[in-house]
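What follows is a short report on a single structure.
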Amino acid sequence: DSLQIAGQVLDAFTMAPPKELKILLYNAISDTLPRKGQPLFVTRTDKMGFFRFTNLPAGKYFVFALNDINSNYRFDLPEETIAFYNTLVSPTVTTRQD
């Protein structure tokens, strides 16, 4: 698998990158979202809010950003914050940048 999904997360109020967010990918046909189940793939944002998933299988995914305080990959505490991309995403071919 040579497909990827990449992006950047910014706080909607400050336009600053939030610190230490987990980015979660869920299968589009899954009924297990951040409150109920585990994601298929997980990565973290860097200090500028950028993230990248590589070596993904083809498909459509839901993308969530989670401030996962208790590190269980679930949105289950009142202090946790969550964001999502409101459209399903499909990975694209990874290109080399030399």
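The values are calculated or read from the model by the stated rules, or taken from the named source; none is laboratory data. Everything quoted here is computed from the prediction, not taken from an experiment. Please note: Cβ atoms are built from the backbone with ideal geometry, for glycine as well, and neighbour counts cover all protein chains shown. Each accessible area value is taken on the protein alone, full model and side chains, heavy atoms only, with ligands, DNA and RNA left out. Shrake-Rupley method; radii C 1.70, N 1.55, O 1.52, S 1.80 Å.
Would you mind classifying region 43-98 by shape? Square roots of the alpha carbon gyration tensor eigenvalues, ordered a ≥ b ≥ c; an a/c under 1.5 is rounded, otherwise it is prolate if a/b is larger than b/c and oblate if not. Walk me through the numbers on the way to the answer.
Details: a/c = 2.53, a/b = 1.69, b/c = 1.50.
Judged from the Cα gyration tensor, region 43-98 comes out prolate (a/c at least 1.5, a/b above b/c).
Using alpha carbons only, how many angstrom separate the centre of region 53-87 from the centre of region 1-18?
12 Å
Give me the one-decimal nm value for the distance between modelled label points at T92 and N67, 7 Å along each residue's Cα-to-Cβ direction.
Output for this residue pair reads 3.0 nm.
Farthest toward the dipole's positive end in the chain, which of F13, N55, P78, given Cβ charges of +1 (Lys, Arg) and -1 (Asp, Glu) about the Cα centre?
N55
What residue among D46, D11, D68 has the largest mean-square fluctuation in a Gaussian network model of the chain, using Cα springs under 10 Å?
In this elastic network of the chain, the residue with the biggest mean-square fluctuation among D46, D11, D68 is D11.
Could you check how much of the accessible area of the chain is carbon and sulfur, as a whole percent, using a 1.4 Å probe?
That share works out to 54 percent.
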